[in-house]
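First up is the structure itself, then whatever we jot down about it.
The values are calculated or read from the model by the stated rules, or taken from the named source; none is laboratory data. Everything numeric here is computed off the predicted structure, so don't read it as measured data. Note that each Cβ is placed from the backbone with ideal geometry, even for glycine, and that neighbours are counted across all protein chains shown. For the accessible areas, the whole protein counts, side chains as well, though only heavy atoms, and no ligand, DNA or RNA atoms are used. Shrake-Rupley method; radii C 1.70, N 1.55, O 1.52, S 1.80 Å.
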Amino acid sequence: MTNSVRFVRLASVLGAILVCGTAYADPFLVGRGMSDITGEAAEVGMMGYGSTSQVTAGIHMRQRARAFIVVDQASGRRMVFVNNDLGMVFQGVQQAVLRQLQAKYGSVYGPENVILSATHTHGGPGGHSHYALYNFTTYGFNKRTFDAIVSGIVAAIDKAHRDLKPGSIAIGKGELTDASNNRSMPAYLRNPQAERDRWGRNIDPEMTVLRFKQGSTDVGAISWFATHGVSMTPNNRLITPDNKGYAAWRWEHELKGVRYNSDADFVAAFAQSNAGDMTPNLNLDGTGPTANELENTRIIGERQLQKALSIYNGALEPLSGTVDYRQRYIDFSRVTVAGSFADGVQRNTCPAAIGSAFAAGTEDGRGLDGFDEGDLAGNPFFTALGGVIAPAPQWVRDCHGVKPVLLATGTQAPFPWSPEVLPVSIVRIGQLAIIAAPAEFTIMAGRRVRDTVKAALGDSVRHLVFAGYSNAYSGYVTTPEEYDAQHYEGASTHFGKWTLGAYQQSFNELATALRQGIPAGGSAAVRDLANNQMSFQTGVVLDNTPIFKSFGDVERQANASYARGQRVEVSFWTGHPKNNLRQNGTFLEVQRWDGAAWRTVATDGDWNTTYRWERVDPVWGTSRAVIGWEIPANASVGQYRIRHYGDYKNGWNGNVYGLAGTSRTFQVN
């Protein structure tokens, strides 16, 4: 044990002793932190749509981790919630983050009190799972992206830890009805009429907002709302945090003046909930309010922002009471589900398998030809092919019932292609309970889990938030009725028809233990595949420029002047962005002359800039960076320039060197 770990543990013990019996004006210690988690910006398969043709080619906005720590001053217990601009927080990421936290802080942070949640953007680089199913379209494991995600999450938590100060938390709720639509209505309509009537809508409009203060200073907010991160389509190749990332950027950058360079930045997290069948593509044809994917991203993000601001600035209820938590690892491939969480009869879950409709895609994003949602027979050719690639024993097929098994991901050797031992947890902050689940739950499935937890916790908790996409990832969870429809979501429910019942049972056990103040019970052993990864990605061999050109030289120059609202575009001879991810940095700066110095007004983390990388000659190794800036309508009149930063790999010695280029000065009128 290092001296630093001993010190952290001693400080925690002393803190708990000192606070006993003490009354506080501020019931909690509150800390917030933020860091960059953007991975490889070029020539890496993107995570979410499962398309081998969707490969990163630059950055529209950076991905970030936004962390909050809450410590109960009376008991000393603490919890961590980190919202990540990722498609999924895979289990390998959780394991690596926890290892680094425990090396630094000992037992202060662990799986029981740390929630790592994903916004489910479909616009980030992939290859950061330790399980094969999620790395097929990225040609294996991408270590640099994985490391960027892990180190960024840890950095955000570190910042929040150092930031802890006496503070308070208040909660508010509202309804947002024009930022989501149900993309799986035939399946949803199979749920009982009385249950559907109780909820009234075929979307989950509830938004829950937490307002964090240190003393009288506002330091951050978390907003939970269920809508998919698919405003940007599979045609997009620029890294994007999608609609929730836009909402966060607007609040932080535009309203709070955040420039992402200070530990004191206001942190606005737009978190995901039970969004399995919720889409922002309101027309159910791959489009949102408009046919333009960027405008759709902005509109859906802006609607979430405005509702969150309305709640945040409205009448809020202070949270008070203890911080507590319960967590277990459950092997969901072999759960015996009591009749009370099934159909009145004891049932069992199954080894993971996905059905034919998985390949069909969804109503707002069709998949492969030859596959249809609701086809209970399956495509004979591909079913046979899947039986060769990932064969399923007959008993597994029988276990999955109506699902025509396409791939048996849970019975492959030497390791399954998707995880079966998964973390489930409940964290309580006063009268709020956060339910952390490692999958995409449909709205009705999420509602049933919330009802289960509420009944088990009783009157001690008045508010429940369902935090899906948390701590691991294992496909979808539908209700048994939705499962029988075998639409995309049901086909992607890994452990069979009674998967939801297994989750309800597990969360009921956790909630009961939390209410009674007893341990959560034993956990299944968790597999760690960190040392069993393969990658078929090619690294950077060398970078070059055309003859008589140097790295950083301008290839296409800016105009002499522009009007507000116009687009500036400049290209530079550059190196491969894999050479240096520039984490917490930038590949570009838009600078304005203030009369004494050049001041940066935008970077590659801003909505109105784009960094696009283009390979020019793959043999010679030449590439260019195309920097774009949409001049805001409120931009100050004056002189501007665009700077590009990059890195190139020398073909002779293999070393990587930095480069910089500068456009001509241009006037904004």
Exercise. For segment 206-229, enumerate the residues that are open to solvent by less than 10 Å² (accessible area, probe 1.4 Å), outside any strand (DSSP E or B) and not aromatic (Phe, Trp, Tyr).
Key: Ala226, Thr227, His228
Quiz item: Among the residues of segment 37-69 satisfying the criterion of being under 13 Å from the mean Cα position of the chain (by Cα) and among the charged types (D, E, K, R), which is farthest from Glu630 (Cα to Cα)?
Solution: Arg66
Exercise. Return the total of residues in segment 547-574 being more than 24 Å from Tyr648 (Cβ to Cβ) and part of a loop (DSSP other than H, G, I, E, B).
Key: 6
Quiz item: Consider Thr177 against the criteria (1) part of a loop (DSSP other than H, G, I, E, B); (2) free of Cβ contacts under 8 Å to residues at least 60 places away in the same chain; (3) open to solvent by less than 10 Å² (accessible area, probe 1.4 Å): it satisfies all of them except one. Which criterion is unmet?
Solution: (3)
Quiz item: Taking only pairs six or more apart or across chains, which ones have beta-carbon atoms under 9 Å, a first residue in segment 284-307 that is touching a residue at least 40 places away in the same chain (Cβ under 8 Å) and of a type in the set (Asp, Glu), and a second residue that is outside any loop (DSSP other than H, G, I, E, B) and open to solvent by less than 60 Å² (accessible area, probe 1.4 Å)?
Solution: Glu302/Asn243; Glu302/Tyr246; Glu302/Ala247; Glu302/Arg250
Practice problem: Name every residue in segment 501-536 that is out of contact with any helix residue (DSSP H, G or I) (no Cβ under 8 Å at 6 or more places or on another chain) and assigned to a loop (DSSP other than H, G, I, E, B), in order of residue number. | Solution: Gly517, Ile518, Gly522, Ser523, Ala524, Ala525, Arg527, Asn531, Asn532, Met534, Phe536
Quiz item: When the residues of segment 100-141 are filtered to those that are of a type in the set (Val, Ile, Thr) and at pLDDT 95 or above, which remaining residue is farthest from Ile389 (Cα to Cα)?
Solution: Val108
Quiz prompt | Out of Pro414, Pro438, sole residue that is farther than 21 Å from Thr119 by Cα and not in a strand (DSSP E or B) | solution = Pro414
Quiz item: When the residues of segment 79-129 are filtered to those that are among the charged types (D, E, K, R) and part of a helix (DSSP H, G or I), which remaining residue is farthest from Gln537 (Cα to Cα)?
Solution: Lys104
Self-check item: Meets criteria (modelled with pLDDT under 95, within 29 Å of the chain's Cα centre (by Cα) and closer than 22 Å to Ser470 by Cα) for Phe332
Solution: no
Practice problem: Return the pairs, sorted by first residue and then second, in which the second residue is assigned to a helix (DSSP H, G or I) and open to solvent by 10 Å² or more (accessible area, probe 1.4 Å), the first residue lies in segment 84-99 and is farther than 16 Å from Asn142 by Cβ, the beta carbons are less than 9 Å apart, and the residues are 6+ apart or on different chains. | Solution: Val97/Val154
Quiz item: Is it the case that segment 158-171 has a residue that's over 27 Å from Met444 (Cα atoms), in a loop (DSSP other than H, G, I, E, B) and without any contact (Cβ under 8 Å) to a residue 24 or more places away in the chain?
Solution: no
Practice problem: Report yes if Val626 is touching a residue at least 24 places away in the same chain (Cβ under 8 Å), touching a Lys or Arg at 6+ places or on another chain (Cβ under 9 Å), open to solvent by 50 Å² or more (accessible area, probe 1.4 Å) and closer than 20 Å to Ile59 by Cβ, otherwise no. | Solution: no
Quiz item: open to solvent by 30 Å² or more (accessible area, probe 1.4 Å) and over 27 Å from Met34 (Cα atoms) - does that describe any residue in segment 257-273?
Solution: no
Quiz item: Across segment 606-649, which residue is nearest to Val258 (Cα to Cα) among those that are in a strand (DSSP E or B) and of a type in the set (Phe, Trp, Tyr)?
Solution: Trp629
Practice problem: Among the residues of segment 517-530, write down those that are farther than 18 Å from Ala472 by Cα and either touching a Ser or Thr at 6+ places or on another chain (Cβ under 9 Å) or exposed (fewer than 10 other Cβ atoms within 10 Å of the Cβ) (or both). | Solution: Gly517, Ile518, Pro519, Ala520, Gly522
Exercise. Could you run through segment 418-454 and say how many residues are closer than 15 Å to Thr512 by Cα, open to solvent by 10 Å² or more (accessible area, probe 1.4 Å) and in contact (Cβ under 8 Å) with a residue 24 or more places away in the chain?
Key: 2
Quiz item: Does at least one position in segment 135-145 carry a residue that is touching a helix residue (DSSP H, G or I) at 6+ places or on another chain (Cβ under 8 Å) and not in a strand (DSSP E or B)?
Solution: yes
Quiz item: Which one of these does Trp598 not meet: (1) surrounded by fewer than 22 Cβ atoms within 10 Å (Cβ to Cβ); (2) within 25 Å of the chain's Cα centre (by Cα)?
Solution: (2)
